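These notes concern the structure reproduced below.
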Amino acid sequence: MGDRIMPQGKLGPYNYINIKLEEIEQDIRESGNAILASMLCQLREGETDAIEYIGLAYLYGNDGLSADFDKAFSILQLAAQGGSIISQHYLADCYAYGIGMPEDLEAARNYYQLSAQSTIPRIRDAALHQLEWSKQRNQ
């Protein structure tokens with residue numbers, strides 16, 4: 001799905017991942033979505049693109065899943081730790097704007113710095129813009 005840049009050290013206050021695979025399996029079964037069902041096998045194997053896809057489905061309530069910020073955050077954090085630049089960028093937005101969690105500009109900046117290394121111009125440019133915004137907001 002995108003670039004892979006591995007995080008170095010602690011990025012935010014949530015340095016653990018709390019995912020109950022059984023709940024995700026049940027949600028995906030209930031969704032009846034064939035794409036999610038195929039992604040589930042890849043998720044079990046730790047495939048970062050599948051983890052990212054399922055995390056975004058929970059974040060936006062897509063593909064038959066209900067929006068669930070706790071699950072989305074945990075899953076996106078797992079994908080981000082696997083090097084998913086897109087997941088890192090979405091986590092930065094969650095931290096920057098307090099989506100599903102309290103705002104944390106330091107954690108947001110850490111993730112934006114990672115996504116600013118992307119070779120995907122729109123991700124890189126958005127991250128650079130957000131880094132500048134966070135500096136101005138901090139003043």
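In this structure the chain gives 52 Å² per residue of accessible area when probed at 1.4 Å with all protein chains present.
Accessible area of the range 20-94 with a 1.4 Å probe: how many percent of it is carbon plus sulfur? After summing per-atom areas, the C and S share lands at 47 percent.
Would you rank S87, S31, S38 by solvent-accessible area, highest first, keeping every protein chain in place and using a 1.4 Å probe? Please report the intermediate quantities before stating the final value.
On the way: S87 0, S31 30, S38 60 Å².
I get S38, S31, S87, largest accessible area first.
Calculated [222 nm] ellipticity per residue, helices only, for the chain: -20500 deg cm²/dmol; basis is -39500 (n - 2.57) per DSSP H run with n ≥ 4, divided by all residues, nearest 500.
Which GluC sites (Glu not before Pro) in the range 36-139 pass both tests, a DSSP loop state and at most 10 other beta-carbon atoms within 10 Å? Write down the numbers at each step before the final one.
Values: sites: E45, E47, E52, E103, E106, E132; in loops: E45, E47, E103.
In loop regions of the range 36-139 (DSSP not H, G, I, E or B), the sparsely surrounded GluC sites (Glu not before Pro) are E45.
For the range 55-118, rounded, prolate or oblate, judged on the Cα gyration tensor with a ≥ b ≥ c (square roots of eigenvalues), a/c < 1.5 rounded, else prolate if a/b > b/c? Oblate, because a/c is 1.5 or more while a/b does not exceed b/c.
Taking amide H as placed 1.01 Å from N in the peptide plane, the amide H of D63 sits under 5 Å from none that are at least 5 places away or on another chain.
Applied to the range 49-63, the Karplus parametrisation 6.51 cos²θ - 1.76 cosθ + 1.60 on θ = phi - 60° returns per-residue 3J(HN,Hα) values of 4, 5, 4, 4, 4, 5, x, 5, 4, 5, 4, 9, x, 9, 6 Hz, with x for Gly and Pro.
Using only the Cα atoms of the chain, build the gyration tensor, take square roots of its eigenvalues as a ≥ b ≥ c, and label the shape rounded, prolate or oblate: rounded if a/c is under 1.5, else prolate if a/b is larger than b/c, else oblate. Prolate shape, in that a/c is at least 1.5 and a/b is the bigger ratio. Between I19, N138, Q42, the Cα set farthest toward the positive side of the dipole of the chain (charges on each charged residue's Cβ, about the Cα centre) is that of N138.
Using a cut-off of 15 Å between beta-carbons, work out the net charge of the residues near N138 (Lys and Arg +1, Asp and Glu -1, N138 not included). Charge balance in the 15 Å sphere: -1. For the range 80-95, 3J(HN,Hα) computed residue by residue from phi via the Karplus equation (6.51, -1.76, 1.60; θ = phi - 60°) reads 4, 5, x, x, 6, 5, 5, 5, 4, 5, 5, 5, 4, 4, 4, 5 Hz, glycine and proline entered as x.
Can you tell me how the range 82-139 classifies by the Cα gyration tensor, rounded, prolate or oblate, using a/c under 1.5 as the rounded cut? Show your work: numbers first, answer last.
Values: a/c = 2.19, a/b = 1.27, b/c = 1.73.
Since a/c reaches 1.5 but b/c is at least a/b, the shape of the range 82-139 is classed as oblate.
The values are calculated or read from the model by the stated rules, or taken from the named source; none is laboratory data. In this text, all values refer to a predicted model and were calculated from it rather than measured experimentally. Heads up, the Cβs are rebuilt from the backbone with ideal geometry, glycines too, and the neighbour counts pull from every protein chain shown. All accessible areas refer to the heavy atoms of the entire protein, side chains included, with ligands and DNA or RNA removed. Shrake-Rupley method; radii C 1.70, N 1.55, O 1.52, S 1.80 Å.
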